[in-house]
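Reviewing the structure listed below.
The values are calculated or read from the model by the stated rules, or taken from the named source; none is laboratory data. Given the structure is predicted, the values throughout are model-derived calculations rather than measurements. Cβ placement follows ideal geometry from the backbone for every residue including glycine, while neighbour counts extend to all protein chains displayed. Heavy atoms of the whole protein, side chains included, go into the accessibility calculation; ligands, DNA and RNA do not. Shrake-Rupley method; radii C 1.70, N 1.55, O 1.52, S 1.80 Å.
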Amino acid sequence: MKTIAILGSTGSIGTQTLDVVRANGDIRVAAVSAGKNVSLLERQIREFHPELACVWEERDARLLRERVADLPVKVVYGMEGLKEVAICEEAQILVTAIVGMIGIVPTIEAIKAGKDIALANKETLVTAGHLIMPLAKQCGVKILPVDSEHSAIFQCLNGERECGQDHGSLHKILLTASGGPFRGKSYEELKKVRVEDALKHPNWSMGQKITIDSATMVNKGLEVMEACWLFDVTPDQIQVVVQPQSIIHSMVQFVDGSVIAQLGTPDMRLPIQYALYYPRRRYLAGERLDFAKIGSITFENPDPETFLGLKYAFEAFAAGGSMTTVFNAANERAVSLFLHGRIGFTQIYDIIRYCMDHHSTIQNPDVAQILDTEKRVYEMIETKWPQSGIRS
Ligand code: NAD
Ligand code: MG
């Protein structure tokens, strides 16, 4: 029986991972973790019987311990707790469904402990890909993409690997994007959008942070970087294509001009299940594509001059080193400020721009330098925008 541990089991990816576990019935969950949602975590513990559970704050750990006192589960907390979940002995796979670069340290610990990683937490690869990918190779660990686009690319490349071609046959990746809820809007119009509008993604139901990232197209920028690390390609080998219906999840163009695409309904359980059972496919209940009903699938170029998230991401990746951490950390903080109603939508771009302009890149940063860069970015934002009122 396969055994997994989950970082962020109460979120959108975490709960859908547990849906896949529930539907298949042959995966054991050894460890679960959440930020603050003690009630849902308690329900998950009662249903899946993990031996380890983690929350972020000590007081929530005390509360959870009381609530599950009748069960043989150990409750831990904080970063040490997340690390314990990551290296939990029984698990072979760690699902990184936590949001933000808080995932870096536990992911690295899991790789060192020989766990395969089902990776949803893209912020980790964006900021520490140069450490994680070589470490995974050295430890003989698989990084299995959960992000729908990267799972699609992974699936498109499957046959190539079996022919021993690996990625030698790959010409370019066509990374698809829905364009988000504000596709077609001008920059002036973006200035006036409200939080509730930004949280209405046209096709996917996801956590709040990634939903805002989709609206700014920062998400697509993060995904370009994620694809570079996962598939060992350069940004000029990636073309972002807007495909508003979210039916094509991404495509690969090969050296002979062939294009292979992966299509499906927008359902994250598919890439999650594919990662958990790779290289096998399993039955997955749900709606199937009906092409006659769909009628047409349309394509557009993205608009990086309006949706600056994409443009700045390419710039950050070209600068390399700690600049991708600056891009990511500035965005994480700016999204949080936007969600709290402290700044307007386009100020997310202003904050990223300001932080990137005021940073001298450190090439090849280690984990301590990455975390220090994150801290400095937060300090920079607090000094420049003191009225934002949110402290790190
Ligand atoms: P979410 O906000 O719904 O869930 C995040 C999870 O992380 C929750 O369980 C939360 O409790 C936990 N968490 C947050 N802060 C924590 C902390 N300090 N300590 C411990 N746990 C903490 O987010 P999501 O949408 O599920 O996204 C998770 C990751 O997957 C992100 O990196 C996102 O970019 C990526 N992703 C999500 C989707 C999607 O469909 N939701 C698709 C592709 C990639
Ligand atoms: Mg995606």
(request) Residues being within 11 Å of ligand 1 (Cβ to nearest atom) and on the phi > 0 side of the Ramachandran plot: count how many of those fall in segment 217-231. (result) 0
(message) Going by what's in this entry, would Gly11 be described as within 16 Å of ligand 2 (Cβ to nearest atom), modelled with pLDDT of 95 or more and over 14 Å from Ile117 (Cβ atoms)?
(response) yes
(message) With the structure loaded, tell me whether Thr361 is in a loop (DSSP other than H, G, I, E, B) and either buried (at least 16 other Cβ atoms within 10 Å of the Cβ) or β-branched (Val, Ile, Thr) (or both) or whether it fails that test.
(response) yes
(request) Find the residue count for segment 204-231, including only residues that are within 20 Å of Leu337 (Cβ to Cβ), open to solvent by less than 10 Å² (accessible area, probe 1.4 Å), within 12 Å of ligand 2 (Cβ to nearest atom) and touching a His at 6+ places or on another chain (Cβ under 8 Å). (result) 1
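Which of the following residues is under 19 Å from Phe307 (Cβ atoms), open to solvent by less than 50 Å² (accessible area, probe 1.4 Å) and more than 14 Å from ligand 2 (Cβ to nearest atom): Val195, Val141, Val105, Val126?
Val195
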(request) Residues being farther than 10 Å from Ala177 by Cα and either within 14 Å of ligand 2 (Cβ to nearest atom) or touching a residue at least 24 places away in the same chain (Cβ under 8 Å) (or both): count how many of those fall in segment 232-246. (result) 6
(message) Residue pairs, Cβ under 6 Å, 6 or more apart or interchain, first in segment 1-15 and open to solvent by 30 Å² or more (accessible area, probe 1.4 Å), second in a strand (DSSP E or B) and more than 6 Å from ligand 1 (Cβ to nearest atom). List them.
(response) Met1/Arg28; Lys2/Ile27
(message) Yes or no: segment 63-71 includes at least one residue that is crowded, with 16+ Cβ neighbours inside 10 Å, touching a Gly at 6+ places or on another chain (Cβ under 8 Å) and on the phi < 0 side of the Ramachandran plot.
(response) no
